[in-house]
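Single-structure report; data block below.
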Amino acid sequence: MPALIDAIAELVTRRRGAVLGAIVVVTLAAGAFIPSLVADPRPQQLTTSSIEDQNAINALFAERFGNPDHVVVLLVEADDVLAPAPLAYVHGLARRFEQAEYVTRVEGITVTPLPIPIDADEAPPDAGTLDDLDDLDEDGADEDAGESGDEGPPAAPDEPEVDPALEDALGVIVRSDPARFPLGLATVADRVGAYRYGPVVSGDLVTEADHTRLMRVLEDAPMVTGRLISRDRRVTAVALFLDARVEDHRVMERTVEEIDRVVASLPPPAGVRVTTGGLPHLFNSIIDKMEEDNFRIVPLTLLVCLVLLYVSFRWLPGTLLPVVAVGISAVIVLGAMAMVGETMTVLNNIVPSLLIIIGVSDSIHLIGRYREELEHAPSPLVAARNTVRSMAVACFLTSITTSVGLASLIVSRTEMLQRFGVIAAIGVMIAYVVTIGFLPSAMTYFRPPPLSREKSPYRDPAERDVPAADRGLLESAIVWLTSQILAHPWRFLAGALVLVGLFVWTALRITVDSALLDEFDEDDAAYVTTRLMEDQLDGVRPLEIMLESERPGAMTDPAVLAAIDAVQAHLERERAVLSTASSTDYLHAFYARLAGDPAAAREPFRSEEQVGALLDVFATLPRDPVAPFVTTDRRAARIQVRLADVGAAASLRLIEELRLELDERFRPLGVRVALTGEGYTGSVGLTAVVNDLLGSLSTAVLIIFGMLVVLLGSWRLGLLSIPPNVIPLVGTLAWMSMRGMHLNASTVIVFSISLGLAVDGSIHVLARYREEIGLGLDRDAALLRAARGTGRAVVISCVTLMVGFGVMLLSSFVPVQRFGELVGVTVGMCLLSTLIVQPALLAVFAPATPPNRFRRKHASKRPAAGAPAGASPEEE
């Protein structure tokens with residue numbers, strides 16, 4: 001290891017031009033790929049793949065019934081949306097998007113097919129009508145009624161012929177319950193022949209007759225009220241069902257942007273407001289916010305780092321070069337992402353800021369040591385070489401521990417987390433290589449910073465301390481604090497123990513939960529629109545129940561349909577459920593109309609033949625309203641459920657109860673059940689994600705502290721480094737509990753990152769302590785030297801991290817805001833723990849006299865007075 005470090009130190013100083021040139025070439029090459037980097041905003045990727053076989057279930061459901069997540073909703077608000085002007089606008093929107101190539105279906109109060117009463121003086125259109133049943137004679141096609149052998153007169157040549165398939169299906173329905181149809185098909189004709197099935201408005205303009213007809217239709221339209229129009233008639237929706245191409249997030253982004261452009265080109269009349277909602281629009285809002293963050297957060301992070309660096313060092317190269325180094329690191333990582341086809345997800349979007357903040361932290365320690373080395377080195381090159389020799393291992397440890405914390409996300413079953421962990425972990429190590437290679441080389445090209453009045457600790461190894469007058473205020477405070485800890489270590493440890501007890505008691509009250517709208521502030525347009533859809537319509541969170549059987553026609557079994565009715569009744573009693581829909585809703589309503597008895601809608605179906613005939617009647621219509629709920633072979637069906645955004649915890653309780661209900665109802669019938677939709681995957685996956693991350697965090701703890709034991713060469717030092725770095729994590733949990741934050745995928749990630757950052761301060765303190773012990777100093781003297789040598793850099797580094805992550809509070813994303821807040825809190829607690837708990841533990845449990853092996857190992861590392869370490873003959 002020493003030989004390798006010496007070789008690196010020689011390379012970055014003696015071949016500094018070649019090293020800097022290589023870094024520039026790599027940076028330019030990587031930067032050329034950045035324009036091809038694309039964004040993928042879908043936050044449900046945080047959970048979807050964590051559920052076993054869920055991707056296959058999602059694909060099968062989409063193949064059969066379409067993707068329930070791919071619906072854009074245009075919400076139109078007015079004092080009365082059925083007034084002529086708002087209604088004309090709603091119809092114009094619907095007609096415009098019926099012609100869009102990316103829209104497979106449009107639903108709205110004027111274009112959705114509905115049963116429409118036909119006025120006596122209205123000439124019914126040919127398509128989609130049942131009034132041609134009037135052509136049956138009064139005996140009602142006696143073969144269906146079973147009462148007469150007369151066939152009745154043939155239809156007149158100029159009258160429409162009855163569709164044979166329709167007549168056959170209705171005949172089966174009549175025979176299934178003869179008592180309800182005393183005149184056979186003539187009874188049916190009498191009851192439903194005065195209706196046509198189709199859109200209320202068939203043309204491009206809404207006429208007065210259309211308006212009157214719509215008002216009549218909505219008086220008895222349970223499948224429309226609460227879904228396409230609110231009960232108070234103040235909100236209506238135009239739902240755009242997008243085609244399968246939007247599975248590609250890039251196509252989805254372009255499609256939603258095109259929808260927004262079209263809506264903007266159709267301004268609403270006075271007193272009418274139109275907004276866009278639905279999951280695709282939410283995801284596109286996330287893209288916009290990601291781009292906004294990149295243009296705001298990253299520059300602000302750089303600015304904050306520049307200010308803190310200048311205030312800390314008062315040396316312009318020491319201010320600018322670290323920022324250049326982290327900028328190079330970010331460009332290389334982003335370029336590499338583009339080269340391998342990686343996308344900018346909700347998580348990957350924070351990687352540039354993360355690399356900037358962590359990279360600057362390492363730079364602070366390097367510059368601080370470089371300034372120290374300059375006081376006894378004959379030239380900047382020698383000082384830079386000694387800096388690399390002294391700091392390469394410590395900075396490697398801080399980087400590798402942070403990288404391990406991030407890499408622990410690989411064990412997650414969620415692809416987005418895995419990729420984020422890999423990218424961020426590799427990025428941190430790239431930042432280390434760039435910082436070690438670029439910063440020492442580049443600093444030597446500039447005039448050295450002015451030296452302080454401090455006496456170098458290297459000039460007199462026997463000197464215990466430097467007079468307070470020769471130290472700055474910060475170092476004086478750190479040295480005074482350390483001396484107080486050395487004098488009364490048990491007092492400080494007892495106080496820390498009490499504080500940990502309070503942390504644990506508070507942290508135990510934290511809950512695991514997550515909600516879709518956690519991504520947005522409450523005043524965000526996407527948040528407001530989604531809440532409006534929940535309050536007035538049926539929301540945006542689909543929970544889909546897919547039923548399937550090996551037997552063709554199984555979904556016409558009355559027992560299966562009765563089970564569907566029971567499940568819907570169970571769900572509609574739940575507070576979190578906004579609405580349910582299935583084929584039985586249409587079948588019951590239509591049969592009650594045929595039977596001329598509203599009570600028939602509550603009766604069970606009589607036979608598979610009856611149900612099959614009802615479905616056959618719907619199949620004769622221009623647009624079959626049951627087709628989205630039952631497959632053509634009638635082996636599979638769906639129950640559509642819309643959930644309020646009540647959070648994953650409440651949704652999980654509902655889903656667990658639902659599983660029991662489904663198992664009880666359908667298992668005896670031989671029907672398999674699967675669940676899908678964002679309301680399901682976004683809730684059930686959360687528990688698996690959190691458990692994965694907690695497990696990976698435990699693994700990372702063992703790996704990180706195992707590495708510390710090996711690299712510090714001491715079991716005791718490795719064990720003593722654990723409490724100061726676990727306390728901040730427990731404290732952060734307590735902070736979350738006090739703030740009312742939930743433990744979920746986005747907050748658990750904080751701990752994987754914070755764990756690696758938490759040990760940074762301890763690593764620098766312990767490495768310096770070990771170095772001072774190697775010079776023969778006793779425990780207390782070594783601790784004071786370590787406090788002097790690293791305390792200032794640790795404070796500056798932690799403050800930089802806190803302020804840098806604090807910039808994320810300005811993000812457009814609530815999760816990113818919380819991420820910045822929680823990491824900042826963790827780092828602040830790490831600072832206090834490193835400055836107080838770590839010295840107290842060493843003062844009590846470290847040996848008062850260092851082992852001889854430490855002295856032998858480090859005895860030759862410090863130069864004698866006047867003989868600078870690392871200087872070659874020509875440099876001396």
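Out of Val626, Val611, I need the residue that is open to solvent by less than 20 Å² (accessible area, probe 1.4 Å), within 18 Å of Glu548 (Cβ to Cβ) and either assigned to a loop (DSSP other than H, G, I, E, B) or charged (D, E, K, R) (or both). Which one? After applying the criteria, what remains is Val626.
Pick out the one residue from Thr732, Thr747 that is in contact with a Lys or Arg (Cβ under 7 Å, 6 or more places away or on another chain) and either hydroxyl-bearing (Ser, Thr, Tyr) or over 24 Å from Ile367 (Cα atoms) (or both). Write out each step before concluding.
On the way: Thr732 fails: in contact with a Lys or Arg (Cβ under 7 Å, 6 or more places away or on another chain).
Going through Thr732, Thr747 in turn, the sole match is Thr747.
Taken as a whole, the stretch 285-308 holds no residue that is assigned to a loop (DSSP other than H, G, I, E, B) and either open to solvent by less than 50 Å² (accessible area, probe 1.4 Å) or of a type in the set (Lys, Arg) (or both).
Restricting the stretch 558-584 to residues that are without any contact (Cβ under 8 Å) to a residue 12 or more places away in the chain and open to solvent by 50 Å² or more (accessible area, probe 1.4 Å) leaves a set whose member that is farthest from Pro182 (Cα to Cα) is Arg573. The C-beta contact set for the stretch 363-391 (first residue more than 25 Å from Leu801 (Cβ to Cβ), second residue in a helix (DSSP H, G or I) and of a type in the set (Phe, Trp, Tyr), distance under 9 angstrom, 6+ apart or interchain) comprises Pro380/Tyr370; Ala383/Tyr370; Asn386/Tyr370.
Name the single residue, out of those in the stretch 335-344 being open to solvent by less than 30 Å² (accessible area, probe 1.4 Å) and among the hydrophobic types (A, V, I, L, M, F, W, C), that is farthest from Val19 (Cα to Cα). Can you show your working first?
Kept after step one, since they are open to solvent by less than 30 Å² (accessible area, probe 1.4 Å), are these residues of the stretch 335-344: 335, 337-338, 342-344.
Those still in the list that are among the hydrophobic types (A, V, I, L, M, F, W, C) too: 337-338, 344.
Numbers: Met337: 23, Ala338: 25, Met344: 30 Å.
Among those that are open to solvent by less than 30 Å² (accessible area, probe 1.4 Å) and among the hydrophobic types (A, V, I, L, M, F, W, C), it is Met344.
Could you tell me which residue of the stretch 170-200 is nearest to Leu114 (Cα to Cα), considering only residues that are open to solvent by 20 Å² or more (accessible area, probe 1.4 Å) and part of a helix (DSSP H, G or I)? Of everything passing the filter in the stretch 170-200, Arg191 is nearest to Leu114 (Cα to Cα). Gly318 passes every criterion in (1) of a type outside the set (Lys, Arg); (2) crowded, with 19+ Cβ neighbours inside 10 Å; (3) within 21 Å of the chain's Cα centre (by Cα) apart from (3). Summed over the stretch 378-403, the residues that are out of contact with any Phe, Trp or Tyr (no Cβ under 7 Å at 6 or more places or on another chain) and over 30 Å from Leu697 (Cβ atoms) give a count of 10. In the set Glu101, Glu107, Glu122, only one residue is of a type outside the set (Phe, Trp, Tyr), at pLDDT below 85 and under 33 Å from the mean Cα position of the chain (by Cα); that residue is Glu101.
Within the stretch 386-400, the residues that satisfy the criterion of being open to solvent by less than 10 Å² (accessible area, probe 1.4 Å) and among the hydroxyl-bearing types (Ser, Thr, Tyr) are Thr387, Thr398, Ser399. Among the residues making up the stretch 833-876, a single one is modelled with pLDDT of 55 or more, open to solvent by 30 Å² or more (accessible area, probe 1.4 Å) and in contact with a Pro (Cβ under 8 Å, 6 or more places away or on another chain): Val844.
Among Thr620, Thr556, Thr632, which is modelled with pLDDT of 90 or more, within 26 Å of Thr187 (Cβ to Cβ) and polar (S, T, N, Q)?
Working: Thr620 fails: modelled with pLDDT of 90 or more; Thr632 fails: within 26 Å of Thr187 (Cβ to Cβ).
Only one candidate passes the filter, namely Thr556.
Okay, residues lined up against (1) buried (at least 20 other Cβ atoms within 10 Å of the Cβ); (2) closer than 27 Å to Phe590 by Cβ:
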| position | (1), (2) |
| --- | --- |
| Met223 | no, yes |
| Ile229 | yes, yes |
| Arg233 | no, yes |
| Val238 | yes, yes |
| Leu242 | yes, no |
| Glu253 | yes, no |
| Asp260 | no, no |
| Ala264 | no, no |
| Pro268 | no, no |
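Of all the criteria given as (1) open to solvent by 10 Å² or more (accessible area, probe 1.4 Å); (2) of a type outside the set (Val, Ile, Thr); (3) under 25 Å from Asp69 (Cβ atoms), the one not satisfied by Phe590 is (3). Working carefully through the options Phe283, Phe313, find the one that is of a type in the set (Phe, Trp, Tyr) and farther than 20 Å from Ser797 by Cβ. Result: Phe283 is the single residue among Phe283, Phe313 that is of a type in the set (Phe, Trp, Tyr) and farther than 20 Å from Ser797 by Cβ. Taking residues in the stretch 738-766 that are farther than 30 Å from Arg788 by Cα, and partners anywhere that are aromatic (Phe, Trp, Tyr), the pairs with Cβ atoms closer than 7 Å and at least 6 places apart or on different chains are Ser746/Phe819; Val750/Phe819. The set of residues in the stretch 1-36 being open to solvent by less than 50 Å² (accessible area, probe 1.4 Å), of a type in the set (S, T, N, Q) and within 43 Å of the chain's Cα centre (by Cα) consists of Thr27 alone. Report yes if some residue within the stretch 585-592 is closer than 18 Å to Pro178 by Cβ and out of contact with any Lys or Arg (no Cβ under 7 Å at 6 or more places or on another chain); otherwise report no. Yes, that holds for at least one residue. Listed conditions (1) farther than 30 Å from Gly341 by Cβ; (2) open to solvent by 50 Å² or more (accessible area, probe 1.4 Å) are all met by Gly277, apart from (2).
Within the stretch 395-412, identify whether any single residue is outside any helix (DSSP H, G or I) and of a type in the set (Phe, Trp, Tyr), and answer yes or no. Write out each step before concluding.
Keep residues of the stretch 395-412 that are outside any helix (DSSP H, G or I), which gives 412.
Those still in the list that are of a type in the set (Phe, Trp, Tyr) too: none.
Within the stretch 395-412 (the criterion being outside any helix (DSSP H, G or I) and of a type in the set (Phe, Trp, Tyr)), the answer is no, since none of the residues qualifies.
Considering only residues that are aliphatic (A, V, I, L, M) and crowded, with 23+ Cβ neighbours inside 10 Å, which ones fall in the stretch 737-749?
The first filter runs over the stretch 737-749 and keeps only residues aliphatic (A, V, I, L, M), leaving 738, 741, 743, 745, 748-749.
Across the stretch 737-749, the qualifying residues are Ala745, Ile749.
Checking each residue in the stretch 533-557 for being open to solvent by less than 30 Å² (accessible area, probe 1.4 Å) and within 18 Å of Leu228 (Cα to Cα) picks out Met533, Glu534, Leu537, Asp538, Gly539, Val540, Arg541, Pro542.
Any residue at all in the stretch 757-777 that's part of a helix (DSSP H, G or I) and farther than 21 Å from Ser714 by Cβ? The answer is yes, given that some residue of the stretch 757-777 is part of a helix (DSSP H, G or I) and farther than 21 Å from Ser714 by Cβ. For the stretch 401-417, filtering for residues that are farther than 22 Å from Gly359 by Cα, open to solvent by 30 Å² or more (accessible area, probe 1.4 Å) and not charged (D, E, K, R) leaves 2. Of the residues making up the stretch 797-816, those that are open to solvent by less than 20 Å² (accessible area, probe 1.4 Å) and either assigned to a helix (DSSP H, G or I) or closer than 21 Å to Asn386 by Cβ (or both) are Ser797, Cys798, Thr800, Leu801, Gly804, Phe805, Val807, Met808, Val814, Val816.
Among the residues of the stretch 352-375, are any surrounded by fewer than 22 Cβ atoms within 10 Å (Cβ to Cβ), part of a loop (DSSP other than H, G, I, E, B) and more than 22 Å from the chain's Cα centre (by Cα)? Among the residues of the stretch 352-375, at least one is surrounded by fewer than 22 Cβ atoms within 10 Å (Cβ to Cβ), part of a loop (DSSP other than H, G, I, E, B) and more than 22 Å from the chain's Cα centre (by Cα), which makes the answer yes.
Every test in (1) in a helix (DSSP H, G or I); (2) modelled with pLDDT of 85 or more; (3) open to solvent by 60 Å² or more (accessible area, probe 1.4 Å); (4) within 20 Å of Arg314 (Cβ to Cβ) is passed by Ala469 save one, and that test is (2).
The values are calculated or read from the model by the stated rules, or taken from the named source; none is laboratory data. Given the structure is predicted, the values throughout are model-derived calculations rather than measurements. Cβ sites come from the backbone with ideal geometry, for glycine too, and all protein chains shown count toward neighbours. Keep in mind that these areas ignore ligands, DNA and RNA; they rest on the heavy atoms of the full protein, side chains included. Shrake-Rupley method; radii C 1.70, N 1.55, O 1.52, S 1.80 Å.
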